[in-house]
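Data first, discussion second: the structure below is written as structure tokens.
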Amino acid sequence: MSTPTIAVTGATGQLGRIVVRLLRERHPDQPVIALVRDPAKAQDLAALGAQVRLFDYDQPETLAPALAGVDKLLLISGNAVGERARQHGAVIAAAKAAGVGLIAYTSVLRAAETPLAIAAEHKATEAILSEAGVPYVLLRHGWYCENYVFRIVAAVESGTLVTCAGDGRISAATRQDYAEAAVAILTAPEPQAGKVYELAGSTSFTFADLAADAARLSGKPVAFVNLPKAEFEEALVKIGTPPFVAGLIAKSDHGAAEGGLLEEGGTLERLIGHPTTPMRSVIAAALA
Ligand SMILES: NC(=O)c1ccc[n+]([C@@H]2O[C@H](COP(=O)([O-])OP(=O)(O)OC[C@H]3O[C@@H](n4cnc5c(N)ncnc54)[C@H](OP(=O)(O)O)[C@@H]3O)[C@@H](O)[C@H]2O)c1
């Protein structure tokens with residue numbers, strides 16, 4: 001049997017770049033196609049041996065031709081919040097037309113029942129996949145550790161880490177961890193169609209833990225302050241956060257308070273063969 005060709009969307013994004021690099025490093029005989037909306041940004045991926053193809057979710061004419069010969073497609077969810085279900089739908093239709101054998105989609109943790117507001121477009125994409133008639137596997141991601149870095153750096157400067165997450169626990173993992181899982185799934189010898197992976201960090205933390213680690217690692221006091229959601233969102237806007245972003249952060253922290261970011265099944269570490277990167281290591285690197 002010939003080696004399946006793997007294509008990765010969003011390949012010039014933060015997660016996509018790691019996936020392409022790992023595929024080339026760990027599976028050098030595996031043909032890899034980097035699907036990008038700006039090939040000029042993908043020279044490093046070409047240098048790694050990936051074939052670069054133009055692929056813009058908003059230019060439907062670029063989609064099906066770029067998927068010619070693709071056996072497995074990693075559809076990394078887009079970053080244009082509000083446009084994503086439509087964009088993903090266009091990719092899924094093109095993949096079907098091109099005869100792609102498997103779509104692996106990066107969804108959100110426990111998409112079906114999550115309290116997270118951001119999940120709506122992931123749920124919609126999962127629904128499109130279930131009706132499309134193309135074999136698919138769901139890589140449902142918990143939060144990325146990197147999401148918290150800018151707030152921790154700011155908290156060390158201001159002396160206060162503000163949230164509305166209360167004592168909600170968060171099982172975050174790094175993009176590197178999630179990328180390793182994607183590579184394991186895309187290259188697994190056993191069939192992946194129909195599988196659902198709930199992927200999250202090996203350990204969990206609260207915002208109080210983040211504040212304590214930030215204080216210990218920086219040597220500066222960092223107070224943990226919990227506010228009601230509306231007050232927290234207002235406070236973010238007052239310090240200059242764009243209202244849309246403030247809303248996303250407040251909804252995310254509120255989702256943590258409701259248990260939406262905790263996952264203790266250990267699936268991610270089993271897939272990648274090691275515990276995920278601890279949040280404390282990410283904080284230490286950010287403050288170094
Ligand atoms: N679970 C979490 O905590 C978490 C956190 C952040 C993001 N996410 C989700 O995970 C995805 C990957 O994360 P990331 O950090 O890699 O995000 P990212 O760096 O923003 O990458 C998003 C990728 O999508 C590509 N893209 C955007 N619009 C496109 C279009 N119209 N056509 C083709 N490609 C398009 C971007 O292309 P360019 O390279 O040309 O900009 C980029 O490569 C995000 O898009 C988001 O859906 C999850």
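Quick notes on this structure:
- Only one of the listed residues (Leu54, Leu75) is among the hydrophobic types (A, V, I, L, M, F, W, C), surrounded by fewer than 20 Cβ atoms within 10 Å (Cβ to Cβ) and in contact with a strand residue (DSSP E or B) (Cβ under 9 Å, 6 or more places away or on another chain). That residue is Leu54.
- Selection count, segment 19-44, where residues are within 11 Å of the ligand (Cβ to nearest atom), outside any strand (DSSP E or B) and crowded, with 21+ Cβ neighbours inside 10 Å: 3
- Checking each residue in segment 26-54 for being touching a helix residue (DSSP H, G or I) at 6+ places or on another chain (Cβ under 9 Å) and charged (D, E, K, R) picks out Arg26, Arg37, Asp44, Arg53.
- Pairs where the first residue, in segment 76-101, is closer than 11 Å to Tyr57 by Cβ and the second is more than 10 Å from the ligand (Cβ to nearest atom) and part of a loop (DSSP other than H, G, I, E, B), C-beta under 6 Å, 6+ apart: Ala94/Leu67
- Odd one out for Pro275, checked against (1) part of a loop (DSSP other than H, G, I, E, B); (2) closer than 16 Å to Ala165 by Cα: (2)
- Close Cβ contacts (under 6 Å, 6 or more residues apart or on different chains) running from residues in segment 176-187 that are open to solvent by 10 Å² or more (accessible area, probe 1.4 Å) to residues that are away from the ligand (no atom under 11 Å from the Cβ) and not in a helix (DSSP H, G or I) comprise Thr187/His27.
- Hits in segment 136-175 - residues which are within 12 Å of the ligand (Cβ to nearest atom), among the β-branched types (Val, Ile, Thr) and crowded, with 24+ Cβ neighbours inside 10 Å: Ile170
- For segment 1-18, a tally of residues being of a type in the set (A, V, I, L, M), surrounded by fewer than 22 Cβ atoms within 10 Å (Cβ to Cβ) and more than 16 Å from the ligand (Cβ to nearest atom) returns 1.
- Positions within segment 104-132 being modelled with pLDDT of 95 or more, over 16 Å from the mean Cα position of the chain (by Cα) and of a type outside the set (Ser, Thr, Tyr), in sequence order: Ala124, Ala127, Ile128, Leu129, Glu131, Ala132
- Segment 258-272 - residue that is touching a residue at least 12 places away in the same chain (Cβ under 8 Å) and part of a helix (DSSP H, G or I) and, of those, surrounded by the fewest Cβ atoms within 10 Å (Cβ to Cβ): Thr267
- Screening the candidates Gly255, Gly240, Gly247, Gly201 for the property of being among the small types (Gly, Ala, Ser), within 30 Å of Ala112 (Cα to Cα) and in a loop (DSSP other than H, G, I, E, B) yields one hit, Gly201.
The values are calculated or read from the model by the stated rules, or taken from the named source; none is laboratory data. Everything quoted here is computed from the prediction, not taken from an experiment. Quick reminder, even Gly has a Cβ in these numbers, built from the backbone with ideal geometry, and neighbours come from all protein chains shown. All accessible areas refer to the heavy atoms of the entire protein, side chains included, with ligands and DNA or RNA removed. Shrake-Rupley method; radii C 1.70, N 1.55, O 1.52, S 1.80 Å.
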